[in-house]
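Engineer: Provided herewith is a single structure, encoded as structure tokens, for subsequent inquiry.
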Amino acid sequence: MPEQSPPPADTSAARATSSGDALVLAPGRSTWALIRDALRGTHIDYTKGATGQAILILAIPMVLEMSMESIFAVVDVFFVSRLGPQAIATVGLTESMLTLVYTLAMGLGIGATAMVSRRIGEHDPVGASRAAMQAIWLGAFLSVTLGVAGAVLAPQLLALMGAEPAVIATGSNFTRVMLGGNASVLMLFLLNAIFRGAGDAAIAMRTLWLANAINIALGPCLIFGLGPFPEMGVTGAAVATTIGRGTGALYALSRLLRPGGRVHLSARYLRIEPVLMWRMIRLSAAGTFQIFIGMASWVLLIRVLSGFGSEALAGYTIAMRVVTFALLPSWGMSNAAATMVGQALGAGKPDRAEKAVWIAGRYNVVFLGIVEALFIILAPQIVALFTQDAGVARYAVDALRLVSGGFVFYAYGMVLTQAFNGAGDTWTPTLVNLGCFWFWEIPLAWALALHLKLGPHGVFLAVAISYGTLAVVSAILFRRGSWKLKYV
């Protein structure tokens, strides 16, 4: 049944909640009003009112948040590149080891978002706060364990990754700081996932703004020894990044400790609750494996491509960097859909949850459809910004055009995947990813590239086909509606 919208005249309708007056969105609000509400973090009741407007208000700060996250790596590489190839190699090898931390952080974030959003939808701020606290305990246990191991074994880990002796000599302290301070990464991801689940996306956005501002200002000072700061070389980049992320995490934690928010961590929630924690572990374990599947498929595709030489590999790497930046806004839209699903199910409104997903999917198709057209038409010009090597550029242009050709399908696939996660049905997208990426994309890439003699072109084609398959399979399973019955 279609939802009944509030009367158009009631543009500021509000209802009292346990955390203050929440605005119920009504039809007719201007785009500027929506942007203003999104950036201000206006307290919205996302279980009522205009669904499309709610998605936009959630998506705007989520898109900006994810864009800020990508800046960290860009800033570090930009400054460290002035120190020579050994410093760059140190950053690259350490980032590959941090992939484990990112995977765990995103997996925990999936579980935290699902549980917090469901409790908020039920108008149960106590339950949301309890769930958030258990997620934080889990994050603390993991970060301490990984931090101690990373700080102690940094040189050995670099050697295990194939680093040359000169890289180990100059880069061990960088790796020690980054891995030892992994709590700043993990907790930042996790706390922002809690805010997204609660519908406080603007706080998560501001947290990343703060962290980035500190990293950008402090990075060159510590790397090159500007003014009163010591010259720390590549280690300075790690110290600046850790301080930036750590400050952001502390700011986010302070907002959770402050009374009056949707989620408030008071002293009575500090205890460990085994039953609730186990529920969080089950959700997050599936989410972690889900992230791992995607990352591992990237490695396996690289393995197939490596047999065709460095030019093909470099071209694919450039194309996928461009693709990743283009997909960031889509992840923001997908995260907005996840929050809407969790809160609507908590409010006992599965039809609103489903409606929100299809609206978010349409928004995503429009955006990625435009990006797809631009990439196909302007691929040579875009690639020219990254390389002047004709051999590399040829593969990069081919990859960019073919991979982006699947964007209109993946637009729906991304939203549907996050919708399942938001409902707490983390195993469905995990199994879909497993089938589409490991048991379909990788064998297809091998068959097209080697058996049918299409070379790298076949690998790029397999990526686009797998995007389409993921969207179709996810849509079929989503329409069945079993995700509406999940309890988290």
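The values are calculated or read from the model by the stated rules, or taken from the named source; none is laboratory data. If you're wondering where the values come from, they're calculated on a predicted model, not measured in any experiment. Every residue, glycine as well, gets a Cβ built from its backbone with ideal geometry; the counts of neighbours run over all protein chains shown.
Engineer: With the checklist (1) buried (at least 22 other Cβ atoms within 10 Å of the Cβ); (2) closer than 23 Å to residue 85 by Cβ; (3) more than 20 Å from the chain's Cα centre (by Cα) in hand, flag the one item residue 263 doesn't pass.
Structural biologist: Result: residue 263 passes all but (2).
Engineer: Could you check the stretch 401-446 and list, in sequence order, the residues that are in contact (Cβ under 8 Å) with a residue 12 or more places away in the chain and either in the same structural domain as residue 193 (by TED's automatic domain parsing) or over 30 Å from residue 282 (Cβ atoms) (or both)? Steps first, answer last, please.
Structural biologist: In the first step, residues of the stretch 401-446 are kept if they are in contact (Cβ under 8 Å) with a residue 12 or more places away in the chain; the result is 401-430, 432-438, 440-442, 444-446.
Selection gives 401, 402, 403, 404, 405, 406, 407, 408, 409, 444, 445, 446.
For every residue, the table says whether it meets (1) aliphatic (A, V, I, L, M); (2) buried (at least 16 other Cβ atoms within 10 Å of the Cβ); (3) under 25 Å from residue 112 (Cβ atoms).
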site: 385; (1), (2), (3): yes, no, no
site: 401; (1), (2), (3): no, yes, no
site: 443; (1), (2), (3): no, no, no
site: 450; (1), (2), (3): yes, no, no
site: 462; (1), (2), (3): yes, yes, no
site: 480; (1), (2), (3): no, no, no
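Engineer: Looking at the stretch 397-452, what helices (runs of 4 or more DSSP H) fall wholly within it and have at least 3 residues that are touching a Phe, Trp or Tyr at 6+ places or on another chain (Cβ under 9 Å)? Walk me through how you get there before you give the answer.
Structural biologist: Numbers: elements: 407-422, 427-433, 442-446.
Filter on the stretch 397-452 gives 407-422, 427-433.
Engineer: Okay, next question. Residues being β-branched (Val, Ile, Thr) and over 26 Å from residue 201 (Cβ atoms): count how many of those fall in the stretch 255-292. Show your work before the answer.
Structural biologist: First, pick out the residues of the stretch 255-292 that are β-branched (Val, Ile, Thr): 263, 272, 275, 281, 288, 291.
Then drop every residue that is not over 26 Å from residue 201 (Cβ atoms), which leaves 272, 275.
Matching residues across the stretch 255-292 total 2.
Engineer: Something else: Taking the stretch 107-132 as the region of interest, how many residues are surrounded by fewer than 21 Cβ atoms within 10 Å (Cβ to Cβ) and either outside the structural domain of residue 156 (by TED's automatic domain parsing) or farther than 22 Å from residue 269 by Cα (or both)?
Structural biologist: 0
Engineer: Do the conditions hold for residue 50, that is, is it in contact with a Ser or Thr (Cβ under 9 Å, 6 or more places away or on another chain), of a type outside the set (D, E, K, R) and either closer than 18 Å to residue 198 by Cα or not assigned by TED's automatic domain parsing to the domain that holds residue 157 (or both)?
Structural biologist: On the way: in contact with a Ser or Thr (Cβ under 9 Å, 6 or more places away or on another chain): yes; of a type outside the set (D, E, K, R): yes; either closer than 18 Å to residue 198 by Cα or not assigned by TED's automatic domain parsing to the domain that holds residue 157 (or both): yes.
It is true that residue 50 is in contact with a Ser or Thr (Cβ under 9 Å, 6 or more places away or on another chain), of a type outside the set (D, E, K, R) and either closer than 18 Å to residue 198 by Cα or not assigned by TED's automatic domain parsing to the domain that holds residue 157 (or both).
Engineer: Determine, yes or no, whether residue 82 is outside the structural domain of residue 213 (by TED's automatic domain parsing) and basic (Lys, Arg).
Structural biologist: Values: outside the structural domain of residue 213 (by TED's automatic domain parsing): no; basic (Lys, Arg): yes.
Considered against the rule, which asks whether it is outside the structural domain of residue 213 (by TED's automatic domain parsing) and basic (Lys, Arg), residue 82 comes out as no.
Engineer: Next question. Given the options 237, 338, name the one that is more than 21 Å from the chain's Cα centre (by Cα) and either assigned to a helix (DSSP H, G or I) or among the charged types (D, E, K, R) (or both). Quick ask: steps written out before the conclusion?
Structural biologist: Details: 338 fails: more than 21 Å from the chain's Cα centre (by Cα).
Testing whether each residue is more than 21 Å from the chain's Cα centre (by Cα) and either assigned to a helix (DSSP H, G or I) or among the charged types (D, E, K, R) (or both) leaves just 237.
Engineer: Confirm whether residue 468 is surrounded by fewer than 23 Cβ atoms within 10 Å (Cβ to Cβ) and in a helix (DSSP H, G or I). Break it down into steps so the answer makes sense when it comes.
Structural biologist: On the way: surrounded by fewer than 23 Cβ atoms within 10 Å (Cβ to Cβ): yes; in a helix (DSSP H, G or I): yes.
Yes; evaluated as a whole, the condition is true for this residue.
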